[in-house]
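Participant: What follows is a structure written as structure tokens; I'll ask about it next.
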Ligand SMILES: Cc1cc2nc3c(=O)[nH]c(=O)nc-3n(C[C@H](O)[C@H](O)[C@H](O)COP(=O)(O)O)c2cc1C
């Protein structure tokens, strides 16, 4: 293996955390946590990546508070989850890998029937709750100052808990249309107070969340942040303001920035590229009404986007130019050894991999053994994305077909 490529497989420090290589499993919501419970399937899913050689895996959607869940099947970072989460972390740590948790809050889009504080989800401003149509809650309200304090504090409490039970890092989700990105985006934040208007004002709540997490975990614990470089929705966040987002996160002392794009609830395809997920989503919709709804929205929401390797690299490099201290993590279409070599040559600190690890959880070990010749076999068909809602959760159709044939 040439020296540039082998850099990916050498030890490196993420902030204060020593990792055995530069490859991190990206957060991919697993669909293996019915009613928010830790299951054998969830542990095994991550254990496969850890045993397969990644330096760190990421548990997706660690909800900071009950009403921050899109639906009931997301794990809450609260005391009642201490024992099962601790047991899971111990089992994953026994493989020698580290474990991060992606801190999530859905803000204004939710189909959670068990909202606890209010009868409707809350975001920065009043908003249409497109997921809520399925459960008769088509509108979301605007957070008051007190709601914002509660919301920010949920990041503090969750981070305190996550460090205490043994997570090695936390990843704050600032992108993909979730709550913090709803504050960042001019489309969804129409507030007229100190939290709305200029990008600096729209960043106040996200920065408060980052400060709260830092206060909870201290300086010797890595905080990653996944940010959007654009919303891919008319009137949404665009790159010039995203560059300011990166500067502000960096100035606030975030350890590492992951660059992504697109929005889960309105235009997710730019996040993955490849085959449209519309047919799969229609197929897995729970009832006729939802199927019709998705069918109506699909042409606008899930436009085909031809797959390209390293589709976020140019934007990532422009973000990096504005970042002085934070390390940079690349995610998005790094599906070949050539691409891995290229991001290493670009000086990227870490790479997050999603789909190719779902196809080949032992990617790191296999790549180290086979070098430049290795191919994962991921075809970016995006079946894994739509498998989230299938029984058993996220899996690769190619692997399932192989298993059936053998
Ligand atoms: C099945 C699936 C679920 C995903 N869920 C999440 C998620 O929970 N949080 C997140 O930030 N990104 C999520 N993503 C996006 C990935 O983290 C990643 O940004 C994207 O897949 C591009 O990387 P890749 O080309 O290596 O797959 C998901 C992707 C997939 C395939």
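Participant: Give just the number: which of (1) assigned to a helix (DSSP H, G or I); (2) within 16 Å of the ligand (Cβ to nearest atom) does residue 293 not satisfy?
Facilitator: The failed condition is (2).
Participant: Assess whether residue 276 counts as being surrounded by fewer than 21 Cβ atoms within 10 Å (Cβ to Cβ) and either under 19 Å from the mean Cα position of the chain (by Cα) or not in a helix (DSSP H, G or I) (or both). Give the steps one after another, and end with the answer.
Facilitator: Values: surrounded by fewer than 21 Cβ atoms within 10 Å (Cβ to Cβ): yes; either under 19 Å from the mean Cα position of the chain (by Cα) or not in a helix (DSSP H, G or I) (or both): yes.
The answer is yes for residue 276.
Participant: Please determine, by comparing only the residues of the stretch 28-52 that are within 14 Å of the ligand (Cβ to nearest atom) and assigned to a loop (DSSP other than H, G, I, E, B), which one is farthest from residue 74 (Cα to Cα).
Facilitator: So, considering only residues that are within 14 Å of the ligand (Cβ to nearest atom) and assigned to a loop (DSSP other than H, G, I, E, B), the one farthest from residue 74 (Cα to Cα) is 28.
Participant: Filtering the stretch 350-371 down to residues that are more than 29 Å from residue 34 (Cα to Cα) and surrounded by 20 or more Cβ atoms within 10 Å (Cβ to Cβ), which residue is nearest to the ligand (Cβ to nearest atom)?
Facilitator: From the stretch 350-371, those more than 29 Å from residue 34 (Cα to Cα) are 350-351, 364-371; that's our starting set.
Filter again for surrounded by 20 or more Cβ atoms within 10 Å (Cβ to Cβ), leaving 350-351, 364, 367.
Working: 350: 13, 351: 8, 364: 13, 367: 14 Å.
Top of the filtered list is 351.
Participant: Of all residues in the stretch 372-383 being away from the ligand (no atom under 14 Å from the Cβ) and without any contact (Cβ under 8 Å) to a residue 60 or more places away in the chain, which is nearest to the chain's Cα centre (by Cα)? Step through it out loud before you land on a result.
Facilitator: Narrowing the stretch 372-383 to residues away from the ligand (no atom under 14 Å from the Cβ): 372-375.
Within this subset, residues satisfying the condition of being without any contact (Cβ under 8 Å) to a residue 60 or more places away in the chain are 373-375.
Details: 373: 30, 374: 26, 375: 25 Å.
Here the answer is 375.
Participant: Please count how many residues of the stretch 306-327 are touching a residue at least 24 places away in the same chain (Cβ under 8 Å), surrounded by fewer than 21 Cβ atoms within 10 Å (Cβ to Cβ) and within 16 Å of the ligand (Cβ to nearest atom).
Facilitator: 8
Participant: Could you go through the stretch 84-100 and let me know if any residue there is within 16 Å of the ligand (Cβ to nearest atom) and either surrounded by fewer than 24 Cβ atoms within 10 Å (Cβ to Cβ) or under 19 Å from the mean Cα position of the chain (by Cα) (or both).
Facilitator: The initial filter retains those residues of the stretch 84-100 that are within 16 Å of the ligand (Cβ to nearest atom), namely 99-100.
Cutting the leftovers down to either surrounded by fewer than 24 Cβ atoms within 10 Å (Cβ to Cβ) or under 19 Å from the mean Cα position of the chain (by Cα) (or both) gives us 99-100.
Yes: one or more hits.
Participant: Return the total of residues in the stretch 174-197 being in a loop (DSSP other than H, G, I, E, B), more than 17 Å from residue 268 (Cβ to Cβ) and in contact with a helix residue (DSSP H, G or I) (Cβ under 9 Å, 6 or more places away or on another chain).
Facilitator: Of the residues in the stretch 174-197, the ones in a loop (DSSP other than H, G, I, E, B) are 175, 177-178, 185-197.
Retained after the next criterion (residues that are more than 17 Å from residue 268 (Cβ to Cβ)): 186, 189-197.
Narrowing further to those that are in contact with a helix residue (DSSP H, G or I) (Cβ under 9 Å, 6 or more places away or on another chain): 186, 189, 191, 193-196.
Within the stretch 174-197, residues that are in a loop (DSSP other than H, G, I, E, B), more than 17 Å from residue 268 (Cβ to Cβ) and in contact with a helix residue (DSSP H, G or I) (Cβ under 9 Å, 6 or more places away or on another chain) number 7.
Participant: Condition test on residue 270, is it within 16 Å of the ligand (Cβ to nearest atom), surrounded by fewer than 17 Cβ atoms within 10 Å (Cβ to Cβ) and either in contact (Cβ under 8 Å) with a residue 40 or more places away in the chain or in a helix (DSSP H, G or I) (or both)? Walk me through how you get there before you give the answer.
Facilitator: Numbers: within 16 Å of the ligand (Cβ to nearest atom): yes; surrounded by fewer than 17 Cβ atoms within 10 Å (Cβ to Cβ): no; either in contact (Cβ under 8 Å) with a residue 40 or more places away in the chain or in a helix (DSSP H, G or I) (or both): yes.
Answer is no for this residue.
Participant: Go through the stretch 286-305 and give me each residue that's over 28 Å from residue 340 (Cβ atoms), surrounded by 15 or more Cβ atoms within 10 Å (Cβ to Cβ) and touching a residue at least 12 places away in the same chain (Cβ under 8 Å).
Facilitator: 290, 293, 294, 297, 298, 301, 302
Participant: Still on this structure, I have one more. Given the structure, is residue 49 surrounded by fewer than 21 Cβ atoms within 10 Å (Cβ to Cβ), at pLDDT 95 or above, in contact with a helix residue (DSSP H, G or I) (Cβ under 9 Å, 6 or more places away or on another chain) and under 24 Å from residue 356 (Cβ atoms)? Step through it out loud before you land on a result.
Facilitator: Working: surrounded by fewer than 21 Cβ atoms within 10 Å (Cβ to Cβ): no; at pLDDT 95 or above: yes; in contact with a helix residue (DSSP H, G or I) (Cβ under 9 Å, 6 or more places away or on another chain): yes; under 24 Å from residue 356 (Cβ atoms): yes.
Here the answer is no, as residue 49 does not meet what is asked.
Each row is one residue, and each column tells you yes or no for (1) under 22 Å from the mean Cα position of the chain (by Cα); (2) part of a loop (DSSP other than H, G, I, E, B).
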{"position": "315", "(1), (2)": "yes, no"}
{"position": "330", "(1), (2)": "yes, no"}
{"position": "333", "(1), (2)": "yes, yes"}
{"position": "339", "(1), (2)": "yes, no"}
{"position": "366", "(1), (2)": "no, no"}
{"position": "370", "(1), (2)": "no, no"}
{"position": "385", "(1), (2)": "yes, no"}
{"position": "393", "(1), (2)": "yes, yes"}
{"position": "401", "(1), (2)": "no, no"}
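Participant: Let me ask something additional. Do we find a residue being in contact (Cβ under 8 Å) with a residue 60 or more places away in the chain, within 16 Å of the ligand (Cβ to nearest atom) and part of a helix (DSSP H, G or I) anywhere in the stretch 122-143? Let's see the steps before the verdict.
Facilitator: Looking only at the stretch 122-143, we keep the residues that are in contact (Cβ under 8 Å) with a residue 60 or more places away in the chain, and these are 123-125, 127, 130-131, 133-134.
Those left that are additionally within 16 Å of the ligand (Cβ to nearest atom): 131.
Checking which are part of a helix (DSSP H, G or I) leaves us with 131.
Yes; the residues of the stretch 122-143 include at least one that is in contact (Cβ under 8 Å) with a residue 60 or more places away in the chain, within 16 Å of the ligand (Cβ to nearest atom) and part of a helix (DSSP H, G or I).
Participant: Hey, any hits in the stretch 185-196 for a residue that's within 16 Å of the ligand (Cβ to nearest atom) and buried (at least 17 other Cβ atoms within 10 Å of the Cβ)? Show your work before the answer.
Facilitator: First, the residues of the stretch 185-196 that are within 16 Å of the ligand (Cβ to nearest atom): 185.
Checking which are buried (at least 17 other Cβ atoms within 10 Å of the Cβ) leaves us with 185.
So far as the stretch 185-196 goes, yes, one or more of its residues are within 16 Å of the ligand (Cβ to nearest atom) and buried (at least 17 other Cβ atoms within 10 Å of the Cβ).
Participant: Return only the number of the condition from (1) over 14 Å from residue 68 (Cα atoms); (2) part of a helix (DSSP H, G or I) that residue 171 does not satisfy.
Facilitator: Only one criterion in (1) over 14 Å from residue 68 (Cα atoms); (2) part of a helix (DSSP H, G or I) is unmet by residue 171, namely (2).
The values are calculated or read from the model by the stated rules, or taken from the named source; none is laboratory data. These numbers were taken from a predicted model, which means no experiment stands behind them. So basically every Cβ, Gly included, is an ideal-geometry build from the backbone, and we count neighbours across all protein chains shown.
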